[in-house]
Amino acid sequence: MYEDKTLICKECGKEFVFTAGEQEFYAEKGFVNEPQRCKACRDARKNAAKGERQMYTATCARCGG
């Protein structure tokens, strides 16, 4: 039913494969559009949006350290 498709990433311009398994997953989730970016560009875009995490100092309730 589904066959692997070769798509072009709109971010970096490289070819990537939209596998039959991924197509089936998209169909099950109701997604109608094919992915526009390769895995590397999707991950980079996702991480860029997150920003740095705020770190806090904590005091141990048991030992006070």
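Only one of the listed residues (Ala40, Ala27, Ala48, Ala44) is assigned to a helix (DSSP H, G or I) and touching a strand residue (DSSP E or B) at 6+ places or on another chain (Cβ under 9 Å). That residue is Ala40.
Taking residues in the stretch 1-18 that are in contact (Cβ under 8 Å) with a residue 24 or more places away in the chain and closer than 15 Å to Asn33 by Cβ, and partners anywhere that are charged (D, E, K, R) and not in a strand (DSSP E or B), the pairs with Cβ atoms closer than 7 Å and at least 6 places apart or on different chains are Leu7/Glu34; Cys9/Arg37; Lys10/Arg37.
Scanning the stretch 1-33 for residues that are among the small types (Gly, Ala, Ser) and surrounded by 12 or more Cβ atoms within 10 Å (Cβ to Cβ) gives Ala20, Ala27.
The numbers here are math on the coordinates, done by the rules we state, and not lab data. What you see is a predicted model; the values in this text were computed from it and never measured. Virtual Cβ from ideal backbone geometry, glycine too; neighbours counted across all protein chains shown.
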